[in-house]
């Protein structure tokens, strides 16, 4: 396919996201996502973040497999999770669950610095190479168990978690800057919700459930030998 064909597919994907935002507004409170977020979603080449054999499906509004029983998230979910963080250019963002790097690329178009972690060496290495090739110089990738965050660069203005756990990990709560926001799927596998967590200037937390979702699970203590 040519780049022009992909461009038209991206436009169609953006229209589908806008329609779904309206349909889910009763849950999320956001019937319209910010113009900046939608412009970025319409610009980032999602076809670069999926295997070659399924590139023809890159701009469907659905998750797509990337190997290791992982997926690149549904574009609507990427847009929603990005939008609720209310990002600013000067922000420093931590992403848990790099995958192919698509969400990191979206973030990198908006903020100054993105730190992203994945437990799977091959995914992290592939994402790092891909992001560099596409010119995203403001993203740093590492291999590790995201449950523990990335304390060396904390605190973060925003944290985005793309794997589910029963409760928000305490290390991530601690690494969120006062006044910051974290978006994370929580709950047991069949009853997950996308949750927005806000940390006040005084360090207290408030939470709001946004939407029923289904994500792969985050490796928590006791699940991954030698995790640190």
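Couple of notes before you dig in:
- Relative packing of peptides 47-58, 141-152 - highest average C-beta neighbours within 10 Å first: 141-152, 47-58
- Counting beta carbons within 10 Å around each of 34, 206 and listing the fewest first gives the order 206, 34.
- Reducing the range 152-175 and the range 49-93 to their Cα centroids gives an inter-centroid distance of 19 Å.
- Put in order of Cβ neighbour count within 10 Å, fewest first, the listed residues 167, 94, 172 become 167, 172, 94.
- Going by neighbour counts of Cβ atoms within 10 Å, the residues 132, 177 line up, fewest first, as 132, 177.
- Share antiparallel - DSSP beta bridges, the range 3-213, percent rounded to 5: 45
Any read-out appearing in this document is the output of simple, stated calculations on the displayed coordinates, not a laboratory observation. Everything numeric in this text was worked out from a predicted model, so none of it was measured. With ideal geometry, Cβ positions are generated from the backbone for all residues, glycine too; neighbour counts draw on all protein chains shown.
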